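Undergrad: Take this structure first; my questions come after.
The values are calculated or read from the model by the stated rules, or taken from the named source; none is laboratory data. The structure displayed is predicted, hence computed values, not measured ones. No Cβ is skipped: glycine too gets one built from the backbone with ideal geometry, and neighbour counts run over all protein chains shown. Accessible surface areas use protein heavy atoms only, side chains included; no ligands, DNA or RNA. Shrake-Rupley method; radii C 1.70, N 1.55, O 1.52, S 1.80 Å.
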Amino acid sequence: MENLRTIEEINKKIERGEAVVLTAEEVVRMAKEEGVKEVARKVDVVTTGTFAPMCSSGAFINFGHTMPAMRMEKIKLAGVEVYGGLAAVDGFIGATQESDFDKTFGGGHVIEMLIRGEDLLLEAYGKGTDCYPGKNFRGYINKDMINDFFLFNPRNAYQNYAAATNSSGKVLYTYMGKLLPNYGNVNYSTSGELSPLLKDPKMKTIGIGTRIFLGGGVGYVSWYGTQFRTNVRENDKGVPLAPARTLALIGDAKKMDPRFVKGAYFKNYGVTLFVGVGVPIPVLNEEIAFCVSLSNEEIHTEIKDYAKLEKPTVGVVSYAQLRSGKVEINGKEVRTTSLSSLQKAREIANILKEWILAGRFFLTNPAAMLDEERTLKSLSKVTQIALQSEDEKVEYVRGTSHPKEKLSEHKECVNCGACISVCNYGALYWDEDKVKFDESKCVYCMLCTDTCPVGLRLPDEKSDLKFEMPY
């Protein structure tokens, strides 16, 4: 379909203060009154918003070096474990990581408090090395004292997450909230006609590098979100009926607003993080104008029964029906409620609109589109291995009890040069960016025997002339 305008042209209108920007709800009303063609002709940008629990979220933190310097291998922040398997003082805290002292408090709350500027106890431990002799650190830090603090959320803004109900005779506590027995309620967690990926269901304008509202600040789409899939049923308007596309998002948490990043806890499930996301949709042509104009009456989702392992679909309803406060399941009228905040979603869409109208927020052309056809894989068909006893020999890689045995089959020189600087006789040297070995110069001083970071076996005795590297 031929475009009516480009992102560059829209940005010029933003710069001149001439851009026509509507929220997703406003454009739905306009389309009902004036038609989709008028939306395509008049509107430049539509702003969206959602504020909901997004478990697949977290933050990278660079704490800065201690004195003496240490390699932080075990890290806790406010009593919550931070993954330390990165570099010396980098860590990743996941939104659903629970604390040691209170299962209702965890990573999501720590992220929120760090954004708020609270002083949090950092506890770090390491084994101590020659270059990082420090072995422990204990002290209070805040976001102004650390180098970096940015959200990196592997899966946000799920396209049309299914609603949940419960057919069993007992209460179920889930990530979709408390589900009452015998179809006692239905919970849903999508902002309907305000939801970012429901306004661009085929991702015609959203891609890697798209600038967005994230947590009250500016963020970007960084990749396909995990569990991104395209092979789902659609309604007659082309909108997925089941959870489909997702976004991986990144943004500077130091510049975020705690109103839009909120730690939470669902009883008997665990901690999570409410995240505010708003995506601007440029109205480039009539196809996009049609999509942004879809109303709650025209957007549908499935209702899943969480009482059964396979979570079967027990109904398909519109967001207008969900918003009405009741739906019908098997002839029974069932109450509905939303876990995502409509008030916050509206606030996000309006803030993003204000930013654009004020010339403070410009649109970006994606560096690449998120247009791969993808399906969702499952571990349900993988044969599980029962643990027989505590002294059972475990094959960590199929066929061997030690992963390094498998790695040894694929050892090869990566030409990093770690061995060259320790050779005092020139037996190891560079030749056109490759490591070479001159056997005639080797005196078997053994200084090179333990330098190879990928584990190549260098000669350990004079009779052994077999270097396992190309030369």
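Yes/no matrix, rows are residues, columns are (1) at pLDDT 95 or above; (2) in contact with a Pro (Cβ under 7 Å, 6 or more places away or on another chain); (3) over 25 Å from residue 277 (Cβ atoms):
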| site | (1), (2), (3) |
| --- | --- |
| 27 | yes, no, no |
| 42 | yes, no, yes |
| 56 | yes, yes, no |
| 62 | yes, no, no |
| 66 | yes, no, yes |
| 88 | yes, no, yes |
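Undergrad: Quick one: which residue in 124, 157 is of a type outside the set (Val, Ile, Thr), within 30 Å of residue 235 (Cβ to Cβ) and touching a residue at least 12 places away in the same chain (Cβ under 8 Å)? Don't jump to the end; show me each part of the working.
TA: Details: 124 fails: within 30 Å of residue 235 (Cβ to Cβ).
Result of the check over 124, 157: 157.
Undergrad: Is there a residue being open to solvent by less than 40 Å² (accessible area, probe 1.4 Å), in a strand (DSSP E or B) and either of a type in the set (Phe, Trp, Tyr) or within 29 Å of residue 38 (Cα to Cα) (or both) anywhere in the range 320-336?
TA: Scanning the range 320-336 turns up no residue that is open to solvent by less than 40 Å² (accessible area, probe 1.4 Å), in a strand (DSSP E or B) and either of a type in the set (Phe, Trp, Tyr) or within 29 Å of residue 38 (Cα to Cα) (or both).
Undergrad: Is it the case, given these coordinates, that residue 439 is within 31 Å of the chain's Cα centre (by Cα), open to solvent by less than 100 Å² (accessible area, probe 1.4 Å), of a type outside the set (S, T, N, Q) and at pLDDT 85 or above?
TA: no
Undergrad: What is the residue count in the range 346-397 for residues that are within 23 Å of residue 213 (Cβ to Cβ) and of a type in the set (Ser, Thr, Tyr)?
TA: 1
Undergrad: Within 13 Å of residue 283 (Cα to Cα) and hydrophobic (A, V, I, L, M, F, W, C): is that true of residue 80 in this structure?
TA: In short, no.
Undergrad: Still on this model: Could you please give the count of residues in the range 169-222 that are in a loop (DSSP other than H, G, I, E, B), farther than 19 Å from residue 51 by Cα and among the aliphatic types (A, V, I, L, M)?
TA: Result for the range 169-222: 3.
Undergrad: Here's something else I'd like to know. Among the candidates 43, 89, which residue alone is of a type in the set (Val, Ile, Thr) and more than 30 Å from residue 142 (Cα to Cα)?
TA: It is 43.
Undergrad: Please find, among 165, 226, the residue that is touching a residue at least 60 places away in the same chain (Cβ under 8 Å), surrounded by 24 or more Cβ atoms within 10 Å (Cβ to Cβ) and of a type in the set (Val, Ile, Thr).
TA: Result: 165 is the single residue among 165, 226 that is touching a residue at least 60 places away in the same chain (Cβ under 8 Å), surrounded by 24 or more Cβ atoms within 10 Å (Cβ to Cβ) and of a type in the set (Val, Ile, Thr).
Undergrad: Considering only residues that are under 13 Å from residue 350 (Cβ atoms) and aliphatic (A, V, I, L, M), which ones fall in the range 46-63?
TA: Across the range 46-63, the qualifying residue is only 46.
Undergrad: Got a number for residues in the range 75-107 being touching a helix residue (DSSP H, G or I) at 6+ places or on another chain (Cβ under 9 Å), of a type outside the set (Asp, Glu) and outside any loop (DSSP other than H, G, I, E, B)?
TA: Quick first cut of the range 75-107, residues touching a helix residue (DSSP H, G or I) at 6+ places or on another chain (Cβ under 9 Å) only: 77-82, 93-99.
Pick out the ones that are also of a type outside the set (Asp, Glu) and you get 77-80, 82, 93-97, 99.
With the extra rule that they be outside any loop (DSSP other than H, G, I, E, B), the set shrinks to 77, 80, 82, 93-94, 99.
Number satisfying all stated conditions: 6.
Undergrad: If you take the residues of the range 68-89 that are of a type outside the set (Val, Ile, Thr) and without any contact (Cβ under 8 Å) to a residue 40 or more places away in the chain, which of them is most open to solvent (accessible area, probe 1.4 Å)?
TA: Per the criteria, the residue is 83.
Undergrad: When the residues of the range 386-422 are narrowed to those that are in a loop (DSSP other than H, G, I, E, B) and closer than 30 Å to residue 225 by Cα, which ends up least open to solvent (accessible area, probe 1.4 Å)?
TA: 396
Undergrad: Can you tell me which condition residue 431 does not meet? The list is (1) open to solvent by 100 Å² or more (accessible area, probe 1.4 Å); (2) modelled with pLDDT of 90 or more; (3) not aromatic (Phe, Trp, Tyr), and all the others hold.
TA: Going through the list (1) open to solvent by 100 Å² or more (accessible area, probe 1.4 Å); (2) modelled with pLDDT of 90 or more; (3) not aromatic (Phe, Trp, Tyr), residue 431 breaks only (1).
Undergrad: Hey, another quick one. Please report, ordered by residue number, the strands (runs of 3 or more DSSP E) entirely within the range 1-65 with at least 2 residues that are more than 20 Å from residue 361 (Cα to Cα), over 21 Å from the mean Cα position of the chain (by Cα) and among the aromatic types (Phe, Trp, Tyr).
TA: Values: elements: 21-23, 45-47, 50-53, 58-62.
Filter on the range 1-65 gives an empty set.
Undergrad: Follow-up. Before we move on, is residue 238 touching a residue at least 40 places away in the same chain (Cβ under 8 Å) and more than 17 Å from residue 47 (Cα to Cα)?
TA: Details: touching a residue at least 40 places away in the same chain (Cβ under 8 Å): yes; more than 17 Å from residue 47 (Cα to Cα): yes.
Yes; evaluated as a whole, the condition is true for this residue.
Undergrad: Would you check if there is a residue in the range 233-248 being closer than 18 Å to residue 362 by Cα and assigned to a strand (DSSP E or B)?
TA: no
Undergrad: Please give the number of the condition residue 140 fails out of (1) closer than 25 Å to residue 96 by Cβ; (2) touching a Leu at 6+ places or on another chain (Cβ under 8 Å); (3) open to solvent by less than 70 Å² (accessible area, probe 1.4 Å).
TA: Only one criterion in (1) closer than 25 Å to residue 96 by Cβ; (2) touching a Leu at 6+ places or on another chain (Cβ under 8 Å); (3) open to solvent by less than 70 Å² (accessible area, probe 1.4 Å) is unmet by residue 140, namely (3).
Undergrad: Check off (1) among the polar types (S, T, N, Q); (2) part of a loop (DSSP other than H, G, I, E, B); (3) surrounded by 16 or more Cβ atoms within 10 Å (Cβ to Cβ) for residue 375 and give me the number that stays unchecked.
TA: All conditions are met except number (3).
Undergrad: Return a yes/no flag: does the range 347-362 have any residue that is assigned to a loop (DSSP other than H, G, I, E, B), farther than 16 Å from residue 280 by Cα and not hydrophobic (A, V, I, L, M, F, W, C).
TA: Checked the range 347-362: no residue is assigned to a loop (DSSP other than H, G, I, E, B), farther than 16 Å from residue 280 by Cα and not hydrophobic (A, V, I, L, M, F, W, C).
Undergrad: Quick one: is residue 38 among the acidic types (Asp, Glu) and either surrounded by 19 or more Cβ atoms within 10 Å (Cβ to Cβ) or touching a residue at least 24 places away in the same chain (Cβ under 8 Å) (or both)?
TA: So residue 38 fails the test.
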